[in-house]
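Quick notes on the structure that follows.
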Amino acid sequence: MNKHSSGIQIRHRAETRGRIQQAAERVFADYGYVGASFSRIAAEADLPKSNIVYYFETKEKLYRLVVEDIFEVWRQAADALYPENDPLTALGDYIEIKLELARTRPYGSKVWANEIIQRAPIVQDYLEGELRRWTDDRIAVIDDWIAQGRIRPISARHLLYAIWATTQHYADFKHQIQTLNDDSELTDAQWDETKQAVKDLLLKGVAV
């Protein structure tokens, strides 16, 4: 096999894995872990069931990938939360990116929410490890800003909880928001308004 053929094959495999993962995200969101199946995921991805088995072997392996992937995306959204950055700008960027992810990755958010509501039967180890370490690191950054007098002396932990709850609401309760918006999805202008409103509400509570 020449390098050109090998490159095409690698791209094809990556595209297939991505297609399966995207389909799985939606199926797990709609049916939960128990109700989801490789057959449903294959139908959503418009691929043979054998492809799902070939790439992921077990439902739990695919499910964990979906859950861990949405957390990784959320973690990257907080890249600006470092001591040397301006607190209000960094927090504002974090809120805005989290809201954009609620808009573009609602199914991933719903999978995460469903798992947590069920007391994390599949990924409790991930919560106790990765989530706890990441949260503690971000709390330390916010506490450092507080110690420097750059934001008000608030609870860093509850600030993070408030950001998560508010931003993920727009994904997890999308149907409710759509119903209250005359049965229509939010327009680009409404999303811009939402981002500004949420930032105003949350950041005014920490500004000195």
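Kindly evaluate GLU100 against the criterion of being within 22 Å of ARG19 (Cα to Cα) and assigned by TED's automatic domain parsing to the domain that holds ASP188.
Working: within 22 Å of ARG19 (Cα to Cα): yes; assigned by TED's automatic domain parsing to the domain that holds ASP188: yes.
Considered against the rule, which asks whether it is within 22 Å of ARG19 (Cα to Cα) and assigned by TED's automatic domain parsing to the domain that holds ASP188, GLU100 comes out as yes.
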### Message
Pairs please, first residue from region 101-120 and over 26 Å from THR187 (Cβ atoms), second anywhere and assigned to a loop (DSSP other than H, G, I, E, B), Cβ atoms under 8 Å, 6+ apart in sequence or on different chains.
### Response
GLU115/PRO121; GLU115/ILE122; GLU115/VAL123
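For region 146-208, list the helices (runs of 4 or more DSSP H) that sit wholly inside it and hold at least 3 residues that are at pLDDT 95 or above and hydrophobic (A, V, I, L, M, F, W, C); which are they? Steps first, answer last, please.
Working: elements: 156-172, 174-180, 188-203.
So the answer is 156-172, 188-203.
Give region 54-99 a look and list any residue that's acidic (Asp, Glu) and over 10 Å from the mean Cα position of the chain (by Cα), or say none. Walk me through it before giving the result.
Going through region 54-99, the residues acidic (Asp, Glu) turn out to be 57, 60, 68-69, 72, 79, 84, 86, 93, 96.
Of everything in region 54-99, those that are acidic (Asp, Glu) and over 10 Å from the mean Cα position of the chain (by Cα) turn out to be GLU57, GLU60, ASP79, GLU84, ASP86, ASP93, GLU96.
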## Note on the structure
Across region 162-185, the tally of residues that are surrounded by fewer than 17 Cβ atoms within 10 Å (Cβ to Cβ), among the acidic types (Asp, Glu) and in contact (Cβ under 8 Å) with a residue 40 or more places away in the chain stands at 0
### Message
Can you pull out every residue in region 6-32 that is charged (D, E, K, R), within 16 Å of the chain's Cα centre (by Cα) and closer than 14 Å to ASP46 by Cβ?
### Response
ARG26
#### Entry: Identity of the residue in region 31-73, touching a residue at least 40 places away in the same chain (Cβ under 8 Å) and of a type in the set (Asp, Glu), that ends up surrounded by the fewest Cβ atoms within 10 Å (Cβ to Cβ)
GLU60
### Query
Are any residues in region 147-161 touching a residue at least 24 places away in the same chain (Cβ under 8 Å) and out of contact with any Pro (no Cβ under 8 Å at 6 or more places or on another chain), and if so, which ones?
GLY149, ARG152, ILE154, LEU159, LEU160
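Among the listed residues TYR63, TYR54, TYR82, identify the single one that is closer than 26 Å to GLY129 by Cα, in a helix (DSSP H, G or I) and among the aromatic types (Phe, Trp, Tyr). Even if it seems obvious, please write down each step before you answer.
Details: TYR54 fails: closer than 26 Å to GLY129 by Cα; TYR82 fails: in a helix (DSSP H, G or I).
Being closer than 26 Å to GLY129 by Cα, in a helix (DSSP H, G or I) and among the aromatic types (Phe, Trp, Tyr) holds for just one of TYR63, TYR54, TYR82, which is TYR63.
The values are calculated or read from the model by the stated rules, or taken from the named source; none is laboratory data. All values derive from a computational prediction rather than experimental measurement. We place every Cβ from the backbone using ideal geometry, glycine too, and count neighbours over all the protein chains shown.
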